[in-house]
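Below is one structure; the comments refer to it alone.
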Amino acid sequence: MEKTALLVMDMQSSILSNLPDTQELVSNIKEAIKAAKNHQIPVIYITVSFRQGMPEISENNKAFSAIKPRMADIDMKEWATIHPELTPEEHDIVIVKKRFSAFTGSDLEVVLRGLDIQHLILTGVSTSGVVLSTIREAADKDYQLTVIGDCCKDGDEEVHSVLMNKIFPRQADVITLSDWVK
């Protein structure tokens, strides 16, 4: 059987505060983490963060350059803090990325190779951001992929639905949390 890892992506309090009603999402991901640990599946937390002042962000990057002025004085360490109900344990791996994909600007691929991981279970926010970008890149890198649909959320429910039902199944298995914890 292939070695599997659970990716918990962008579950930062600062990001979740921009979405309505995230308590069910947090509870579902907490249950997914518990199930992974019960089956000795490594949990890898992915956060997005930048140096103070965001020098990594070019004005050519439409998405990130739009938030750069608002974030000039934000404490990046605080901004990158994972939701308190999902706080990583001491032995959990936390990876910092610089763009939407969990691979971009991070050492995720090196860690996955070191653990001999071949199958990624994806969770997180947002569906149209980190989940979409990570699926695309991970598929190109030949990982087996599973998305836990009710462990992902997007600010646009229609976009979330289209991705889960039409786009993601082309490259990943899309399942429910209850199916995964069985």
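The values are calculated or read from the model by the stated rules, or taken from the named source; none is laboratory data. Note that the coordinates shown come from a computational prediction; the quantities given were computed from them, not determined experimentally. Cβ: placed from backbone, ideal geometry, glycine included. Neighbour counts: every protein chain shown. Only protein heavy atoms, including side chains, enter the accessible area calculation; ligands, DNA and RNA are left aside. Shrake-Rupley method; radii C 1.70, N 1.55, O 1.52, S 1.80 Å.
Restricting attention to segment 74-106, which residues are more than 15 Å from V8 (Cα to Cα) and either acidic (D, E) or not in a loop (DSSP other than H, G, I, E, B) (or both)?
Correct list: D75, M76, K77, E78, W79, E90.
Pick from F64, F100: which is of a type outside the set (S, T, N, Q), open to solvent by 50 Å² or more (accessible area, probe 1.4 Å) and touching a residue at least 24 places away in the same chain (Cβ under 8 Å)?
F100
From the list S17, S49, which residue is over 12 Å from I121 (Cα atoms), small (G, A, S) and touching a residue at least 12 places away in the same chain (Cβ under 8 Å)?
S49
Filter segment 112-125 for residues that are open to solvent by 30 Å² or more (accessible area, probe 1.4 Å) and either within 22 Å of R51 (Cα to Cα) or outside any loop (DSSP other than H, G, I, E, B) (or both) and give the result.
Within segment 112-125, R113, G114 qualify.
Which ones in segment 1-24 are touching a Gly at 6+ places or on another chain (Cβ under 8 Å) and either open to solvent by less than 50 Å² (accessible area, probe 1.4 Å) or not in a loop (DSSP other than H, G, I, E, B) (or both)?
L7, V8, M9, D10, M11, L19
Out of everything in segment 46-61 that is charged (D, E, K, R) and out of contact with any Lys or Arg (no Cβ under 7 Å at 6 or more places or on another chain), what residue ends up being most open to solvent (accessible area, probe 1.4 Å)?
Among those residues, the one meeting the criterion is E59.
Give segment 127-182 a look and list any residue that's of a type outside the set (V, I, T), closer than 18 Å to E2 by Cβ, in a helix (DSSP H, G or I) and touching a residue at least 24 places away in the same chain (Cβ under 8 Å), or say none.
Answer for segment 127-182, where residues must be of a type outside the set (V, I, T), closer than 18 Å to E2 by Cβ, in a helix (DSSP H, G or I) and touching a residue at least 24 places away in the same chain (Cβ under 8 Å): A138, A139, W180.
Restricting to segment 144-182, count the residues that are among the charged types (D, E, K, R), more than 18 Å from L19 (Cα to Cα) and within 17 Å of the chain's Cα centre (by Cα).
Residues of segment 144-182 that are among the charged types (D, E, K, R), as a first pass: 150, 153-154, 156-158, 166, 170, 173, 179, 182.
Restricting the remaining residues to those that are more than 18 Å from L19 (Cα to Cα) gives 166, 170, 173, 179, 182.
When the remaining residues are screened for being within 17 Å of the chain's Cα centre (by Cα), the result is 173.
Here the count works out to 1.
Being in a loop (DSSP other than H, G, I, E, B) and not hydrophobic (A, V, I, L, M, F, W, C) is the filter here, so list the residues in segment 39-59 that pass it. Working first, answer last.
Filtering segment 39-59 for residues in a loop (DSSP other than H, G, I, E, B) gives 39-42, 49-59.
If the condition is that a residue be in a loop (DSSP other than H, G, I, E, B) and not hydrophobic (A, V, I, L, M, F, W, C), then H39, Q40, P42, S49, R51, Q52, G53, P55, E56, S58, E59 are the ones that fit.
Would you check which residues across segment 77-96 are out of contact with any helix residue (DSSP H, G or I) (no Cβ under 7 Å at 6 or more places or on another chain), of a type outside the set (G, A, S) and surrounded by 15 or more Cβ atoms within 10 Å (Cβ to Cβ) and list them?
I82, P88, D92, V96 - these are the residues of segment 77-96 that are out of contact with any helix residue (DSSP H, G or I) (no Cβ under 7 Å at 6 or more places or on another chain), of a type outside the set (G, A, S) and surrounded by 15 or more Cβ atoms within 10 Å (Cβ to Cβ).
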